[in-house]
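J.: To start, I am sharing the structure in question, which I have written as structure tokens.
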Amino acid sequence: MQISGAQMVIEALIAEEVDTIFGYPGGAIMNVYDEIYKQNSFKHILTRHEQAAVHAAEGYSKASGKVGVAMITSGPGFTNAVTGLADAYMDSVPLVVISGQVPMSLIGTDAFQEIDAVGISRSCTKHNYLVTDAADLPRVLKEAFYIARTGRPGPVHVDIPKDVTAQIAKFDYSKEVDIETYKPTTKGNTRQIKKAVDAIKNAKRPLFYLGGGIINSNASEEVRKLVKNTGIPAVETFMARGTLKYDDPLLISMLGMHGSYAANMAMSETDLVIGLGARFDDRVTGKLSEFAKGAKIIHVDIDPASISKLVNADFPIVGDIKHVVKSMLDIAKTTIDKERYTPWLDTIANFNKLHPLSFKEDSEDLKPQWVIKRVGETLGDNANISTDVGQHQMWTAQFYPFSRPRQFISSGGLGTMGFGFPAAVGVKAADPKRISVNFTGDGSILMNIQELMTAVEQKLPVINIILNNNYLGMVRQWQTLFYNKRHSETDLSMQPDFVKLAEAFGGVGYRVSTKEEFDAALKDAIEKNVVAFIDVKVHRLENVMPMVPSGGSLFNMMLEYKEK
Amino acid sequence: MEAAERRVISVIVINEASVLSRITDLFSGRGYNITSLTVAPIPESRYSRLTIVTSGSVRVIEQITKQLHKLIPVLKVIEHADLVEKEMALVKFPITENLADISALCSAYNGNIVNVSEEVIITMVADEPKRVDYFLSAIKRFHPKEIVRSGAVALER
């Protein structure tokens, strides 16, 4: 079939069974938007900023497990989207981002809205393409989806000059993808897996270290089974929250900089780390030379470059977590003697008792942690939770009772303020039956506030809970602790009226400062089922505790800090 | 700190637009060092071969090879242990220098005079990088006007 490049984009999206895309039109991508206008196969959600289009596609992808798609124009459209690409790259989110480019004849002339898009996206995508001939488009688009979703997932950028979208060529999407230079390993080495299982059987104080790769490969069910069958305790990374149910008796909570005391102590005292899809991020390990010092390390990851990058693995296994964990379950059929872990589990229980994750309600003000716990009690599994970046994000990871994978959607690797709201819109589009809640801060929310319009227009109700302390809280916390309270440029006392702002865009706003007011506002927002801002005045000086100071050892946690 | 070692890595890539910048961006973006880089298409194939001379600790070199391999157009990454390695240098001398001595020196380093004009002569040597270093220090007294060195190329023995 002979069709235009623009039509090919549409046909490819249909063939990939894409039901929703996010985007923002402009000059160089207009041919494609003209075809979007003519079709009824998928929905286009017009965001109000290209960065938000990519974050929404990320939210959509993280909630659904499908490849997220964003469509943008050249030049400023593309550069606006770069933060989203970088965010998706860091968190291994499968995306296909299609951008318009100036016509081939103008490339390199500093034309209107021209920028070397593939040059810019090279360092923040898994792969990228500049398509110079419409005849290449079917292959490129097919490869783009394939590369995005296979191996270690990630964003793929396809840049298409305007004349290529107008060019007529043959469209054949039936060919199988065959990239001779790209063959990700999915099955782990059997002998290596067997060795790892033997190591598990011989360990006295083994510990599962669960990472975001488990969620990416939809392996939570297998991992839950493995944890249960072995009786070995587990810690989760920030990215892995929800892998185990919050009340799983073997789950010790999150580890790392703001992990629990018990999780970090367990990691410091274990004799065998069983790392599954975790990359030993510096926010997790603290001081590397002190991390899990006396322990052997099993490291399972689909990305060979992640293994032994920071911490040397004694049992490196390259493969898809789902495959590897299944094989581990098969090999470990002869049940592991759970009795042998009793002293180890007692030790951990003791750590938990000594310093549980907690907060003190010692002031008249609402505590942000209380708000998060309250939402957890009220909505629990019925809500998908996204966050922005900062103190509220860490409190959410600490205190929300996550029941399932893909329930917690947050920007981990890049730490992108402004991620939460557009991501929550994408989450709502992917999973309309569940309530979409975005925990945000008074700093973060202003970074993509224009998405109020998108959410209202598309009737994608997101409940934004602004934990408002009139501070850029996390930076202020660091200034307090490490810069002798020189609060340089972190006082956000000057702020808009969030209630009026929500109303101005056609949403609903609430301002609350007591528990009763909060309960009433949350109830009302849920019942009304509209885009809402709940501006919660919280205690201004609350800090995220416990904390491993940057570069410190996991076992040297700062447990409490009361700021006056 | 682990000791940094000089290593030669060959990379076979699909010969397509911007593949070279993918490689060099990887090095600059991740803070790896490139001492020299040589690229040319492999005859009668759709591939190119890059020879990269780099240095780093064992861990860094391992990361370099793994990260290179992650790039989609990369077919093969060869970390050489036992190799034949050659580099080329072209040197321009004033015609007034002692041509017989220069010629003799060149032939000792697998080279010769490749061009003579009214004002200058140009010589070429092709040898192991270390030996090219020796050659370049030996010819200093003949007042070389211009020196150009290629990157290394290497093949496993």
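J.: Mind counting the residues in region B:26-35 that are assigned to a loop (DSSP other than H, G, I, E, B) and within 11 Å of chain A (Cβ to nearest Cβ)?
T.: Of the residues in that region, 1 qualify.
J.: Just for region A:160-183: of the residues that are of a type in the set (D, E, K, R), away from chain B (no Cβ under 14 Å) and in a loop (DSSP other than H, G, I, E, B), which one is nearest to A:F78 (Cα to Cα)?
T.: Per the stated criteria, the residue is A:D172.
J.: Would you mind stating whether A:E489 is among the acidic types (D, E) and open to solvent by less than 50 Å² (accessible area, probe 1.4 Å)?
T.: Spelling it out, it is not the case that A:E489 is among the acidic types (D, E) and open to solvent by less than 50 Å² (accessible area, probe 1.4 Å).
J.: Which of the residues spanning region B:60-83 are touching a residue at least 12 places away in the same chain (Cβ under 8 Å), open to solvent by 40 Å² or more (accessible area, probe 1.4 Å) and in contact with a helix residue (DSSP H, G or I) (Cβ under 7 Å, 6 or more places away or on another chain)?
T.: B:E79
J.: Restricted to region A:109-159, and to residues that are in a loop (DSSP other than H, G, I, E, B) and touching a residue at least 60 places away in the same chain (Cβ under 8 Å), which residue is farthest from the other protein chains (Cβ to nearest Cβ)?
T.: Step by step, filter region A:109-159, then rank; the result is A:F112.
J.: Looking only at residues in region A:316-336 that are in a strand (DSSP E or B) and surrounded by 21 or more Cβ atoms within 10 Å (Cβ to Cβ), which one is farthest from the other protein chains (Cβ to nearest Cβ)?
T.: Selected residue: A:I317.
J.: Please enumerate the residues belonging to region A:338-373 that are part of a loop (DSSP other than H, G, I, E, B), under 29 Å from A:I232 (Cα atoms) and free of Cβ contacts under 8 Å to residues at least 12 places away in the same chain.
T.: Across region A:338-373, the qualifying residue is only A:S358.
J.: How many residues are within 14 Å of chain B (Cβ to nearest Cβ) and closer than 27 Å to A:M474 by Cα if we restrict to region A:252-307?
T.: Adding up the residues that qualify gives 4.
J.: Moving on to the next point. Only one of B:S21, B:S28, B:S57 is hydroxyl-bearing (S, T, Y), over 17 Å from the mean Cα position of the chain (by Cα) and open to solvent by 50 Å² or more (accessible area, probe 1.4 Å). Can you tell me which?
T.: B:S28
J.: Of the residues B:V84, B:V91, B:V60, B:V132, which single one is farther than 30 Å from B:A17 by Cα and out of contact with any Ser or Thr (no Cβ under 8 Å at 6 or more places or on another chain)?
T.: None of the other options fit; the residue is B:V132.
J.: Confirm whether A:M104 is aliphatic (A, V, I, L, M), over 22 Å from A:A148 (Cβ atoms), touching a residue at least 24 places away in the same chain (Cβ under 8 Å) and surrounded by fewer than 23 Cβ atoms within 10 Å (Cβ to Cβ).
T.: Spelling it out, A:M104 is indeed aliphatic (A, V, I, L, M), over 22 Å from A:A148 (Cβ atoms), touching a residue at least 24 places away in the same chain (Cβ under 8 Å) and surrounded by fewer than 23 Cβ atoms within 10 Å (Cβ to Cβ).
J.: Restricting the search to region A:392-409, which residues are under 13 Å from the mean Cα position of the chain (by Cα) and over 24 Å from A:L541 (Cβ atoms)?
T.: If the condition is that a residue be under 13 Å from the mean Cα position of the chain (by Cα) and over 24 Å from A:L541 (Cβ atoms), then A:P405, A:R406, A:Q407, A:F408, A:I409 are the ones that fit.
J.: Within region B:39-46, does at least one residue satisfy the condition of being at pLDDT 95 or above, more than 14 Å from every other protein chain (Cβ to nearest Cβ), more than 21 Å from B:R131 (Cβ to Cβ) and surrounded by 13 or more Cβ atoms within 10 Å (Cβ to Cβ)?
T.: yes
J.: Taking region B:132-147 on its own, how many of its residues are within 15 Å of the chain's Cα centre (by Cα) and open to solvent by 80 Å² or more (accessible area, probe 1.4 Å)?
T.: So the count comes out to 1.
J.: Please tell me if B:L75 is out of contact with any Lys or Arg (no Cβ under 8 Å at 6 or more places or on another chain) and within 14 Å of chain A (Cβ to nearest Cβ).
T.: Yes, satisfied.
J.: Return only the number of the condition from (1) touching a helix residue (DSSP H, G or I) at 6+ places or on another chain (Cβ under 9 Å); (2) β-branched (V, I, T); (3) away from chain A (no Cβ under 14 Å) that B:I23 does not satisfy.
T.: (3)
J.: Read through the list (1) crowded, with 16+ Cβ neighbours inside 10 Å; (2) part of a helix (DSSP H, G or I), then give the number of the only condition that B:I122 fails.
T.: So B:I122 meets the others, but not (2).
J.: Further question on the same structure: Examine region A:522-532 for a residue that is under 30 Å from A:T480 (Cα atoms) and open to solvent by less than 70 Å² (accessible area, probe 1.4 Å), and state whether such a residue exists.
T.: Checked region A:522-532: no residue is under 30 Å from A:T480 (Cα atoms) and open to solvent by less than 70 Å² (accessible area, probe 1.4 Å).
J.: Another one. Kindly evaluate B:K86 against the criterion of being touching a helix residue (DSSP H, G or I) at 6+ places or on another chain (Cβ under 9 Å) and within 12 Å of chain A (Cβ to nearest Cβ).
T.: no
J.: Pull up region B:1-20, narrow it to residues that are in contact with a helix residue (DSSP H, G or I) (Cβ under 8 Å, 6 or more places away or on another chain) and in a loop (DSSP other than H, G, I, E, B), then point me to the one that is nearest to the other protein chains (Cβ to nearest Cβ).
T.: Ranking the qualifying residues of region B:1-20, first place goes to B:S18.
J.: Just need a number here: residues in region A:1-37 that are over 30 Å from the mean Cα position of the chain (by Cα) and part of a loop (DSSP other than H, G, I, E, B).
T.: 1
J.: Now for a different question. Given the structure, is A:P76 open to solvent by 10 Å² or more (accessible area, probe 1.4 Å), closer than 23 Å to A:I36 by Cβ and in contact (Cβ under 8 Å) with a residue 60 or more places away in the chain?
T.: When the stated conditions are applied, A:P76 does not pass them.
J.: Next question. Just a yes or no: is a residue in region A:472-487 among the hydrophobic types (A, V, I, L, M, F, W, C) and within 22 Å of A:L522 (Cα to Cα)?
T.: no
J.: Still on this structure, I have one more. Given the criterion under 21 Å from A:G212 (Cβ atoms), in contact (Cβ under 8 Å) with a residue 40 or more places away in the chain, surrounded by fewer than 24 Cβ atoms within 10 Å (Cβ to Cβ) and of a type in the set (A, V, I, L, M, F, W, C), identify the matching residue among A:A12, A:A86, A:A57.
T.: Answer to the check: A:A86.
J.: Scan region A:378-401 for residues that are under 15 Å from A:G443 (Cα atoms) and either of a type in the set (D, E, K, R) or surrounded by fewer than 19 Cβ atoms within 10 Å (Cβ to Cβ) (or both) and jot them down.
T.: A:D388
The values are calculated or read from the model by the stated rules, or taken from the named source; none is laboratory data. Just so we're clear, the structure is a prediction, and the values are computed from it rather than from any experiment. Here the Cβ is made from the backbone with ideal geometry for all residues, glycine too, and neighbour counts use every protein chain on show. Keep in mind that these areas ignore ligands, DNA and RNA; they rest on the heavy atoms of the full protein, side chains included. Shrake-Rupley method; radii C 1.70, N 1.55, O 1.52, S 1.80 Å.
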